[in-house]
Amino acid sequence: MIESLITSKTRIKLLLKFFINSNTKAYLRGLETEFGESTNAIRLERNRFEQAGLLTSHIEGNRKFFTANTGHPLFPDIQSLMRKHLGIDQLVDHVIEHLGGVKKVYLTGAFAHGQESPDIEILLIGSEIDTAYLENIIAKAGNLINKNILYRLMPVPQFDTDYAGISQEDLLLLWEQNN
């Protein structure tokens, strides 16, 4: 759907890369390898984003890394648009309210890194989760957004132990229970 609005595939890849997970950082050669495109095509689009203030850069060693400018006034809107494009907002909204004891939901895998994938991987943290309902709604949501949805359930104590110190680029918090 977004392809009819934004015709540049490179631009879409950059939007997904930097705006799905605002903690993502990348440099030109890394993007070239990841996208399988020429550095020139990536550089042109990246420069447009930087000139518009949507990306910021910093030097680490001999590499210039780019990240999304979360302070840009359009950042929340672009991030929301990218999440809607992937169907993440529908998935979270439809699933969470009926599951039971969910405390947090994270996006993991390729999409947490802003990479296109046929699979959406989610991690649900909590207890007493209605797995029958979850399986049913995951199948429906997957058909709705044309993606395979893979999930993992984990109790809070195990998550706190197993994922202590993991990079924010590997886990993207999608939803958290309000106390």
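Structure summary
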| item | result |
| --- | --- |
| Residue in the range 56-77 that is closer than 26 Å to F159 by Cα and either modelled with pLDDT of 95 or more or part of a loop (DSSP other than H, G, I, E, B) (or both) present | no |
| Members of the range 145-165 that are surrounded by fewer than 12 Cβ atoms within 10 Å (Cβ to Cβ), in a loop (DSSP other than H, G, I, E, B) and either under 18 Å from the mean Cα position of the chain (by Cα) or at pLDDT 80 or above (or both) | N146 |
| Among (1) open to solvent by less than 70 Å² (accessible area, probe 1.4 Å); (2) of a type in the set (K, R); (3) closer than 21 Å to L172 by Cα, the one test that K25 misses | (1) |
| Matching option when the condition is free of Cβ contacts under 8 Å to residues at least 60 places away in the same chain, surrounded by 14 or more Cβ atoms within 10 Å (Cβ to Cβ), under 19 Å from the mean Cα position of the chain (by Cα) and more than 23 Å from L171 (Cβ to Cβ), among F49, F66 | F49 |
| Counted residues, the range 101-156 - those being farther than 30 Å from F35 by Cβ and among the acidic types (D, E) | 3 |
| Output for the range 111-144, where each listed residue is part of a helix (DSSP H, G or I), surrounded by 17 or more Cβ atoms within 10 Å (Cβ to Cβ) and either over 12 Å from the mean Cα position of the chain (by Cα) or without any contact (Cβ under 8 Å) to a residue 24 or more places away in the chain (or both) | L134, I137, I138, A141, G142 |
| Filter result (hydrophobic (A, V, I, L, M, F, W, C) and in contact with a strand residue (DSSP E or B) (Cβ under 7 Å, 6 or more places away or on another chain)) within the range 29-53 | F49 |
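The values are calculated or read from the model by the stated rules, or taken from the named source; none is laboratory data. Fair warning: this is a prediction, and the values are worked out from it, not measured in the lab. All Cβ positions, even for glycine, are placed from backbone atoms using ideal geometry, and neighbour counts span all protein chains on display. In case anyone asks, the SASA skips ligands and DNA or RNA and just uses the protein heavy atoms, side chains included. Shrake-Rupley method; radii C 1.70, N 1.55, O 1.52, S 1.80 Å.
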